[in-house]
Ligand SMILES: Nc1ncnc2c1ncn2[C@@H]1O[C@H](COP(=O)(O)OP(=O)(O)O)[C@@H](O)[C@H]1O
Ligand SMILES: [Mg+2]
């Protein structure tokens, strides 16, 4: 394994409050790694430490096997960052945004011009090259930010909630592009709170909350371990069902007017619940990453 | 906190970014330095000079318009540089998140700050150049020594740009720039020997005027425009770089504290 990112016991405190509280993980070359967590979990803070913007309070952090504190310029030259908020330059056109950004990386002019056209084409932006950034829709602006993050031909792409606030069409289009990049062997670190996105794109992920890692694994393994293969949602569950579940030691979450039952692939119990306890108030479905996420991070509202 | 080893010529990349956006609006940017000296010279030359005869300054007699012409250029340098690193930099830093974008590339915070200050000085020098052409064509500038104003405008621009950047590093919201403008820029504009010689001030007030960087820029400009001054040239030539050094370091320290989270 050739590690691109190695983090060990990384801590960041703001005025005594921990935003990132001792997390450790590593990302191998070519991996598509997910950093999942609710708002305020510490995703952006972790990412900012990775590209040398925020100095860590303590812990080890190596990127491309080098220290960010001493080799920051060398490391940053090989990273592309897609910020959570729109950091496009509103004073510049779409194309100028890419070219000026290439300048910050000291990419030779001719190379930058060629790459800018390639990227505009790849993200279906060629027709908007001379548009002002302010005129773009949310989905287009995201694509420009992504194109800009790739202008230096990075070895590591960092995406902070790249699809938050986008409509489904834009989101799916972006996912397709990210899948193409993944297939090309690019190492990607993605933060998101869309489970569908993580499930579709990530080989491996960690779920963090309150600055701590709750679980780590592939989406498939996490579903298996924390959600079960099958889930039954029961509206208005009766006492008989609760007794049955307790007696059979089947894990469930009681949400008051709704019950979530986590089942294994075993058909027998599912059939019994269906025939004996359900009538018309049950939904049978597969376990999703969203179930894992909600079970681990809780259901109460954030912020 | 300031990392001097993180400072390289790469800051010119950020400077270039500002040049590119400036070129898009350069025609508008040139109107002010083109017309401002004309307004002042007309107003003071036509409306004022009847009330004021000659101004006794540094051992020579100057008409009032001759007296204020160099000060107009110096004030423009101050305003251009100071407004650039206050309002304009604040918008780039806070509202446009331009610095956040740049700081994800191999450019250091120090380089971004230096680029902003050098850019402010460049813009101020561009304005000074146009004003020099306008005022020169009216005969208010002795040539060729009047051309020395341009490198001095750059030095002054760096000094006022650094001061502005320092305020950007400590100001909580953009409307609070009113405060340094009211307490720092306006008194300087009025009392730096711009519209009347500092020697006309009561003795107790004169040291304050001598502490103003604008006063030294005005003195240097007048030296090369009309060949007279009241402050020895070497003092002004020493004062401005020292002011730049002090506020340059303060600006770097405060801006870093603000940007690095
Ligand atoms: N510059 C800062 N100063 C103080 N607190 C901060 C700062 N940045 C982030 N935080 C706090 O750290 C926590 C994690 O924030 P963040 O990393 O942005 O979370 P996420 O990206 O997962 O939503 C939050 O509680 C947030 O309020
Ligand atoms: Mg975030």
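The values are calculated or read from the model by the stated rules, or taken from the named source; none is laboratory data. Just so we're clear, the structure is a prediction, and the values are computed from it rather than from any experiment. Please note: Cβ atoms are built from the backbone with ideal geometry, for glycine as well, and neighbour counts cover all protein chains shown.
Within this structure, residue A:99 passes the test of being more than 16 Å from ligand 1 (Cβ to nearest atom), surrounded by 16 or more Cβ atoms within 10 Å (Cβ to Cβ) and touching a residue at least 12 places away in the same chain (Cβ under 8 Å).
Among the residues of the stretch A:48-65, just one is farther than 26 Å from residue A:302 by Cβ and within 13 Å of ligand 1 (Cβ to nearest atom), namely A:55. Annotation note: of B:41, B:7, the sole residue that is surrounded by 13 or more Cβ atoms within 10 Å (Cβ to Cβ) and within 24 Å of residue B:196 (Cα to Cα) is B:41. Residue pairs whose Cβ atoms lie under 7 Å apart, separated by 6 or more positions or on different chains, with the first residue in the stretch A:75-94 and more than 7 Å from chain B (Cβ to nearest Cβ) and the second more than 16 Å from ligand 1 (Cβ to nearest atom) and assigned to a strand (DSSP E or B), are A:75/A:63; A:75/A:66; A:78/A:156; A:79/A:156; A:80/A:157; A:93/A:132. Please work out if residue B:51 is within 14 Å of another protein chain (Cβ to nearest Cβ), outside any helix (DSSP H, G or I) and over 19 Å from residue B:118 (Cα atoms). The answer is no for residue B:51.
For first residues located in the stretch A:20-49 and touching a residue at least 24 places away in the same chain (Cβ under 8 Å), partners that are within 8 Å of ligand 1 (Cβ to nearest atom) and assigned to a helix (DSSP H, G or I) and lie 6+ apart or on another chain with Cβ distances below 6 Å form the pairs A:20/A:45; A:20/A:46; A:35/A:43; A:37/A:43.
Anything in the stretch A:12-47 that is assigned to a strand (DSSP E or B) and more than 12 Å from ligand 1 (Cβ to nearest atom)? List them, or say none. Within the stretch A:12-47, A:22, A:24, A:25, A:26, A:27, A:28, A:32, A:33, A:34 meet the criteria. Looking across the stretch B:89-106, the residues that are at the interface with another protein chain (Cβ under 10 Å from one of its Cβ atoms) and within 12 Å of residue B:259 (Cβ to Cβ) come down to B:92, B:97, B:98, B:99, B:100, B:102, B:103. For the residues A:59, A:80, the requirement of being part of a strand (DSSP E or B) and closer than 17 Å to residue A:145 by Cβ singles out A:80. For the stretch A:32-53, a residue qualifies if it is under 22 Å from residue A:205 (Cβ atoms) and touching a helix residue (DSSP H, G or I) at 6+ places or on another chain (Cβ under 9 Å), and the qualifying residues are A:32, A:34, A:35, A:36, A:37, A:38, A:41, A:49, A:50, A:51.
Just one residue in the set B:144, B:151 is closer than 28 Å to residue A:103 by Cα and without any contact (Cβ under 8 Å) to a residue 24 or more places away in the chain; that residue is B:151. Checking every residue in the stretch B:168-185 against the condition of being within 14 Å of another protein chain (Cβ to nearest Cβ), within 24 Å of residue B:117 (Cβ to Cβ) and assigned to a loop (DSSP other than H, G, I, E, B) gives zero matches. Within the stretch A:154-175, the set of residues being touching a strand residue (DSSP E or B) at 6+ places or on another chain (Cβ under 9 Å), more than 16 Å from residue A:51 (Cα to Cα) and either surrounded by fewer than 19 Cβ atoms within 10 Å (Cβ to Cβ) or modelled with pLDDT under 90 (or both) comprises just one member, A:164. Taking the stretch A:251-303 as the range and being in a loop (DSSP other than H, G, I, E, B) and crowded, with 17+ Cβ neighbours inside 10 Å as the test, only A:287 passes.
Tell me, which residue of the stretch A:50-74 that is within 16 Å of ligand 2 (Cβ to nearest atom) and in contact (Cβ under 8 Å) with a residue 12 or more places away in the chain is farthest from the other protein chains (Cβ to nearest Cβ)? Only one residue fits best here, namely A:50.
Scanning the stretch B:102-141 for residues that are more than 30 Å from residue A:79 (Cβ to Cβ), in a loop (DSSP other than H, G, I, E, B) and in contact (Cβ under 8 Å) with a residue 40 or more places away in the chain returns B:138, B:140, B:141.
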